[in-house]
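Below is one structure; the comments refer to it alone.
The values are calculated or read from the model by the stated rules, or taken from the named source; none is laboratory data. Here the structure is a predicted model, which means the values were calculated and not measured. Cβ coordinates were reconstructed from backbone atoms using ideal geometry, including for glycine residues, and neighbour counts include every protein chain displayed. Accessible surface areas use protein heavy atoms only, side chains included; no ligands, DNA or RNA. Shrake-Rupley method; radii C 1.70, N 1.55, O 1.52, S 1.80 Å.
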Amino acid sequence: PIQCTMPTPEDSEYLTSQIHNHKILQYYKDVSDMVLGSACGILQLEGLYGLIFFVVGTILTGSLYQFAMTTFGRKGNEKIRLDDYYQHPIKEIYLGELGRQFATFVMMWCLLGAIVSY
């Protein structure tokens, strides 16, 4: 599995590590959006129900990611702070590149919806 990195702010690689962590987060978001879109297409949800499915699924996957980072990530004996890994953690985890996420979701939603209905 890919691990997030956490240098100190004085470290010259601090920004590089945050960019790396953002790419890892984006990968997990892309995969979860493809799974959510596939599920929505297989369930044959249409219109507003599909949009609600996307919103609830995005909030749920963001919450699970945040929970996993803060619960299972450790610095010695203390829990990690998301501020150490991301510049704006809540914004990046829940709202970062929402248009891209929605496009990925819709693509899989339409693809699987068409395949299942055929």
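In the full protein assembly as shown, how much of L36 is accessible to a 1.4 Å probe, in Å² to the nearest 10?
30
Can you tell me the length gained on complete extension of the stretch V31 to Y94, counting 0.36 nm per residue apart and subtracting the Cα distance?
Stretched out fully, the V31 to Y94 stretch lengthens by 21.2 nm.
Work out from phi, with θ = phi - 60° and the Karplus expression 6.51 cos²θ - 1.76 cosθ + 1.60, the ³J(HN,Hα) of each residue of region 50-67, listed in order in whole Hz, and give x for Gly and Pro.
Running phi through 6.51 cos²θ - 1.76 cosθ + 1.60 with θ = phi - 60° gives x, 5, 5, 4, 5, 4, 5, x, 5, 5, 5, 5, x, 5, 5, 5, 5, 4 Hz.
For labels at I52 and F67 in the simple 7 Å Cα→Cβ model, what's the distance in nm?
Rounded to a tenth, the inter-label distance reads 2.2 nm.
Using the heavy atoms of the protein chains alone and a 1.4 angstrom probe, what is the accessible area of region 20-118 per residue in square angstrom?
62
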